[in-house]
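Chemist: Following this message is one structure expressed as structure tokens.
Here, each number is a calculation from the coordinates, and none is a lab measurement. Computed from a prediction, not measured in an experiment: that's the story for all the values here. Heads up, the Cβs are rebuilt from the backbone with ideal geometry, glycines too, and the neighbour counts pull from every protein chain shown.
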Amino acid sequence: MMYREIVLSAFAKANAETPAATKTQWANYLVDVLWEDYKIQVSRRTLLNYYNHYKENDEGELTPKSRIIESLCKFMRYPNYAAFLIHHSSLNRKHSSAVHTATYVVYGDCHRDVVTIKIRREAVSQSSKEILQSA
């Protein structure tokens with residue numbers, strides 16, 4: 001899972017978007033944004049626990065609630081966690097045409113959805129910049 005990268009990236013974005021200078025202030029900013037923009041209620045302490053764990057440990061994965069992860073991805077301008085996985089998978093495998101899979105679980109109130117995404121990078125004759133300009 002890429003929870004570590006999501007949490008650390010969200011804190012880095014909070015740092016860039018605010019004049020705040022401490023991780024506590026960044027966490028406060030994230031708490032406000034998650035509530036105001038996505039109606040996700042999370043405590044500053046919870047976000048700081050994730051941040052401190054991921055900052056201090058390369059090993060071991062905490063499992064934040066899926067709603068928090070989805071909202072942090074949206075905060076970073078991804079439509080959802082799946083888009084984050086696809087984007088980062090393609091960045092890490094620039095020259096590979098092999099199919100890679102990413103699986104994650106989204107918990108609802110009385111159910112869970114297990115989502116598996118298959119990712120294959122393909123070469124195109126035009127650069128993505130040219131494709132976007134022609135659209």
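Chemist: Quick one: net charge of ASN49's neighbours, Cβ under 15 Å, K/R +1, D/E -1?
Modeler: +4
Chemist: Additional query: Around ALA16, what is the net charge, scoring Lys/Arg as +1 and Asp/Glu as -1 over all other residues with Cβ under 14 Å from its Cβ?
Modeler: +2
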